[in-house]
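Structure record follows, encoded as structure tokens.
The values are calculated or read from the model by the stated rules, or taken from the named source; none is laboratory data. Every value quoted in this text rests on a predicted model; they were computed, and no experiment measured them. Note: ideal-geometry Cβ built from the backbone for every residue, glycine included; neighbour counts use all protein chains shown. Accessible surface areas use protein heavy atoms only, side chains included; no ligands, DNA or RNA. Shrake-Rupley method; radii C 1.70, N 1.55, O 1.52, S 1.80 Å.
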Amino acid sequence: MESLIIVLVNERLPIKPEKSGLMTDITTRYELDLDPYFARIGYDGPRAATLAVLRELHRLHPLAIPFENLDPFAGQRVSIKLPDVAAKLVTQRRGGYCFEHNTLFAHVLMQLGFAVTPLAARVLYGREPGARTARTHMLLRVEAEGDQWLADVGFGGATLCAPLSLSTEGQQQTPHEPARIVTLPADERKLELFDGEKWIDVYRFESTAAEWVDYEVANWFTSASPDSFFTSSLIACIAREGGRAILFNERFTGRDAQGRITEERTIANGEELAQCLREHFGIDLARAEATQRIDAGALYERMMARGAKG
């Protein structure tokens with residue numbers, strides 16, 4: 001009976017076809033029912049294309065919807081079509097990675113009247129200096145009150161909780177780590193975060209708009225390739241007021257706003273994994289199993305079999 005109820009709920013997606021101009025691919029247009037999304041993130045403010053609204057939505061989204069890769073780690077494909085993303089992140093109260101988070105966020109913003117340009121970035125975070133990487137990260141450029149802003153609600157343990165002005169070269173404050181955008185040659189820019197001791201490269205990006213179809217290709221690699229980080233390591237992250245919670249394989253850490261570890265533990269079995277995901281990230285695998293066939297015990301065994309150590 002429980003699985004039937006979930007299927008029926010999932011069929012009533014918070015999306016309806018409309019001539020709205022909001023696009024998830026080159027052929028399909030959708031309009032979101034914003035009420036379920038706003039309830040999901042706890043937003044009850046104005047529905048207007050203002051900088052104040054952008055800032056509040058950008059703050060609340062990472063606090064409510066976790067970044068996670070349970071599907072690709074479990075060997076399941078990830079859809080970035082808007083109905084599927086909304087069903088997963090909003091209705092099923094799961095999380096996702098950049099293509100899912102920023103696809104949803106882009107359409108919310110566009111429906112509110114913001115001008116949004118999708119961009120693609122080359123990830124530098126955790127890479128050797130000078131590393132050459134593919135454009136496998138999705139981010140957004142948003143216009144608000146005479147300026148252009150970088151918006152990105154889907155970058156794991158370094159997810160921004162505020163938009164950043166693209167016209168400002170210096171340090172910008174966020175609810176968590178200070179950030180800055182550095183201008184590079186060849187019409188590129190680089191996002192950096194300050195970890196309390198030094199500036200860390202996050203990613204570099206161009207101002208040229210990405211095509212939605214480009215994300216489909218990058219998403220296929222990210223979710224299916226054996227060379228992808230997301231198919232070989234388990235990760236879940238969520239922003240907290242004044243900190244973050246991060247699960248990397250069997251290692252859970254809580255961190256303050258400056259990135260200092262405040263809590264640390266090692267997950268010992270599938271039951272503890274399910275408890276950690278439920279209590280710290282709001283992901284109920286008992287519910288997810290009914291629709292996406294995810295089992296905590298199987299995830300833990302896969303993690304250990306790959307010799308994954310945080």
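Candidates in the range 98-138 are the residues that are of a type in the set (A, V, I, L, M), out of contact with any helix residue (DSSP H, G or I) (no Cβ under 8 Å at 6 or more places or on another chain) and touching a residue at least 24 places away in the same chain (Cβ under 8 Å); of these, the one that is nearest to PRO72 (Cα to Cα) is VAL123. Applying the selection to the range 163-193, what residues are part of a strand (DSSP E or B) and open to solvent by 60 Å² or more (accessible area, probe 1.4 Å)? ARG180, THR183, ARG189 - these are the residues of the range 163-193 that are part of a strand (DSSP E or B) and open to solvent by 60 Å² or more (accessible area, probe 1.4 Å). Evaluation of LEU299 against the conditions (1) modelled with pLDDT of 90 or more; (2) among the hydrophobic types (A, V, I, L, M, F, W, C); (3) farther than 19 Å from PHE229 by Cβ shows that the sole unmet condition is (3). Taking the numbered list (1) part of a loop (DSSP other than H, G, I, E, B); (2) free of Cβ contacts under 8 Å to residues at least 24 places away in the same chain; (3) not aliphatic (A, V, I, L, M) in turn, GLY154 passes all entries but (2). With respect to the conditions (1) farther than 26 Å from ARG240 by Cβ; (2) open to solvent by less than 50 Å² (accessible area, probe 1.4 Å); (3) assigned to a strand (DSSP E or B), ALA131 falls short on a single one, namely (3).
If I filter the range 77-84 for residues that are touching a residue at least 12 places away in the same chain (Cβ under 8 Å), surrounded by fewer than 22 Cβ atoms within 10 Å (Cβ to Cβ), under 18 Å from LEU166 (Cβ atoms) and aliphatic (A, V, I, L, M), do I get at least one hit? Please lay out each step first, then the result.
Keep residues of the range 77-84 that are touching a residue at least 12 places away in the same chain (Cβ under 8 Å), which gives 77-78, 80-83.
Filter once more, keeping what is surrounded by fewer than 22 Cβ atoms within 10 Å (Cβ to Cβ): 77-78, 81, 83.
Next, from what is left, pick out any that are under 18 Å from LEU166 (Cβ atoms): none.
No, there is no match, as no residue in the range 77-84 is touching a residue at least 12 places away in the same chain (Cβ under 8 Å), surrounded by fewer than 22 Cβ atoms within 10 Å (Cβ to Cβ), under 18 Å from LEU166 (Cβ atoms) and aliphatic (A, V, I, L, M).
Whenever a residue of the range 34-55 is surrounded by 18 or more Cβ atoms within 10 Å (Cβ to Cβ), its partners that are of a type in the set (Lys, Arg), lying with C-beta atoms within less than 9 angstrom and at least six residues away or across chains, give the pairs ARG40/ARG93; VAL53/ARG47.
Please verify whether ASP147 is of a type in the set (D, E, K, R), open to solvent by 20 Å² or more (accessible area, probe 1.4 Å) and touching a Leu at 6+ places or on another chain (Cβ under 8 Å), treating the condition exactly as stated. So ASP147 fits the description; yes.
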